[in-house]
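Read the figures in this text as sums done on the coordinates, not as results from a lab. Nothing here was measured: the structure is a model prediction, and the numbers come from that model. Note: ideal-geometry Cβ built from the backbone for every residue, glycine included; neighbour counts use all protein chains shown.
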Amino acid sequence: MIWNKVETCSRSEMQSIQLGRLQKTVSYVYEKNPVYKKRLEAAGVKPSDIKSLDDIRRLPFTVKDDLRDNYPFDLFTASQENIVEYHATSGTTGKPIVVGYTRNDIEIWSEVMARALTGSGIGKQDVLQNIYGYGLFTGGLGAHYGGIRIGASVIPISGGNTQKQIMLMQDFGTTALTVTPSFLMHIHEIGVDMGVDFRKLKLRTAVLGAEFWTESMREKIQEGFGLKACDIYGLSEIIGPGVACECHEARNGLHVNEDYFYPEIIDSVSGEVLPHGAEGELVFTNIANEGQPLLRYRTRDITSLDPEPCICGRTLIRMKKLTGRTDDLLIIRGVNFFPSQIESIILKRHGVSPHYLVVVERKGTLDEVEIRIEVTEEFMAKAAADVLKGGEHDIVSDVIAAREKTQNLVRDIKDIIGITVKVTLVPPGTIPRSEGKAKRIIDNRPK
Ligand code: DLL
């Protein structure tokens, strides 16, 4: 099912929508906001200079620090009386980043979320348990607006409350979930301990995002719950969830709602725009928002774009599932890698769970990486039973098995990523679980 026929329009129709909206937005921010006016003047560009889509390259980039420097409202282009909702990112240090929505912006958000949920295979027949956090985080309300728009029966439970989540899945006959993949895995773990067989419930679809997750995690989730999982992407600065989403038919790249959010891929060092297919930093321009439209906002997310129409019938440009963020990139002894690469390796090995933490320390002048990984419940249960039985032979073989697991992981990581790490196996349940986005890196190196 396709929500809006614009999702299937021709490239030239799309480009004409985009150009009209881009020209309007550049004039709008120029007139409405003195900070933007100054920035555009400094770059030597006037609204009337935007004659083609390529002219977008003349506009200066916007970065996270611009939002911080103009905290809270100096980049807003709508007056307070026209703002109907605020959101903000939690931000680990300093002030959060604030976003303001006009009534029209909420309309856009509901529309793109309706497209995303429809594309994932959800409709009015579904009972949608919305586990994304409600509040300043955009996940909860974004999925809520989309759910209401398509006529699904939305359960606004928000994050946390693991046992209640499971109870409602059972009692309300939940068929669809919107949730972060890491919290969904946590729900699975707790449910299995309680003796729940999720595969016997009515669950059919999950729309997962807000953090990285790999294909192997998708397989685990689909198998554990007996459902189909689609990836959804978004960021608060641009609108929240719904910037792009996979379709359930192909699940081969996320369809970007490019009639509202104009995407570019740039080389994150030179700022040059890269051709379709090349991997680089994703940049978005809001071409229809009113509250705080951002021009060429650098997301720091890394991906590539593919304009080929999809088998589902959509012609919207697709972005590849994310592989990392420029600021998640760890550089260890000259080797660059993303924690998500470690995750793919871990998930291919038996006996260890997908719960892991990458800890980086500086010892003297050298950076050292320790990867803490939980062993599975089954592995632990067998070892505990062997200890209780006191069978020396079995205990020794468990120790050997654990050592082999560690050695295999160290070798895989060395082979695939090229760095030597220390792997520490830890008991199940000892790595902190998050009720929203998972924290995978502790970087203790002096800044
Ligand atoms: O995470 C919005 C959202 C809510 C998206 C619910 C999807 C579902 P922020 O908190 O501003 O907004 O974080 C945005 O999260 O720049 C990415 O680095 C990361 N991210 C979001 N979706 C995905 C995804 C929401 N599907 C930042 N895969 C983005 C990987 C994602 N990373």
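With the cut-off at 1.5 for a/c, could you classify the chain from its C-alpha gyration tensor as rounded, prolate or oblate?
Taking the square roots of the gyration eigenvalues as a ≥ b ≥ c, the chain is prolate.
Can you tell me which of 263-270, 104-111 comes out highest on packing, and rank the rest after it, using the mean Cβ neighbours within 10 Å?
104-111, 263-270
Using per-residue counts of other Cβ atoms within 10 Å, averaged over each peptide, order 120-126, 344-350, 208-214, 51-57 from highest down.
Result, highest mean first: 208-214, 120-126, 344-350, 51-57.
Based on the mean of other Cβ atoms within 10 Å per residue, sort peptides 6-13, 421-428, 355-362 so the most packed one is first.
In descending order of packing, they fall as 355-362, 421-428, 6-13.
Once you sort the root eigenvalues of the Cα gyration tensor of segment 393-435 as a ≥ b ≥ c, which label holds: rounded (a/c under 1.5), prolate (a/b larger than b/c) or oblate (the other case)?
oblate
Sequence-distant or interchain residues sharing an amide H contact under 5 Å with CYS247, placed H: which?
Sorted by chain and number, the residues that satisfy this are ASN252, HIS255.
Under a 5 Å amide H to amide H cut-off, with H placed in plane at 1.01 Å, what residues pair with GLY240 once short-range neighbours are removed?
Amide H neighbours of GLY240, under 5 Å, 5+ apart: LEU235.
With θ set to phi - 60°, apply the Karplus curve 6.51 cos²θ - 1.76 cosθ + 1.60 along segment 345-353 and write out the HN-Hα couplings as whole Hz, x wherever there is a Gly or Pro.
My calculation for segment 345-353 gives 5, 4, 5, 7, 9, 7, x, 10, 9 Hz in order.
Nearest 10 degrees is fine. How inclined is helix 377-389 to the longest principal axis of the chain, computing both from alpha carbons?
Around 20 degrees separate the two axes.
Which cross-chain or sequence-distant (5 or more) residues have an amide H under 5 Å from the amide H of THR102, H modelled 1.01 Å from N in plane?
For THR102, whose amide H was placed from the backbone, the distant partners under 5 Å are VAL84, GLU290, GLY291.
About its Cα centre, how strong a charge dipole does segment 1-322 have in debye, to the nearest 20, once Lys and Arg get +1 and Asp and Glu get -1 at the Cβ?
Roughly 360 debye for segment 1-322.
Does segment 92-143 come out rounded, prolate or oblate, given a ≥ b ≥ c as the square roots of the eigenvalues of its C-alpha gyration tensor, rounded meaning a/c under 1.5 and, failing that, prolate meaning a/b above b/c?
Oblate is the answer for segment 92-143, as a/c is 1.5 or above yet b/c matches or exceeds a/b.
Whole-Hz Karplus ³J(HN,Hα) for segment 49-66, in order, using 6.51 cos²θ - 1.76 cosθ + 1.60 and θ = phi - 60°, x for Gly and Pro?
6, 7, 9, 9, 4, 5, 5, 4, 5, 7, 7, x, 6, 10, 10, 3, 5, 4
In whole percent, what relative contact order does the chain give with Cα contacts below 8 Å and a gap of six or more residues?
Across the chain, relative contact order equals 14 percent.
If you line up the long axis of helix 392-416 against the longest principal axis of the chain, both from Cα atoms, how many degrees apart are they, to the nearest 10?
The angle comes out near 30 degrees.
Return the calculated 222 nm mean residue ellipticity for the chain, to the nearest 500 deg cm²/dmol, obtained by summing -39500 (n - 2.57) across DSSP H runs with n ≥ 4 and dividing by the residue count.
-10500 deg cm²/dmol
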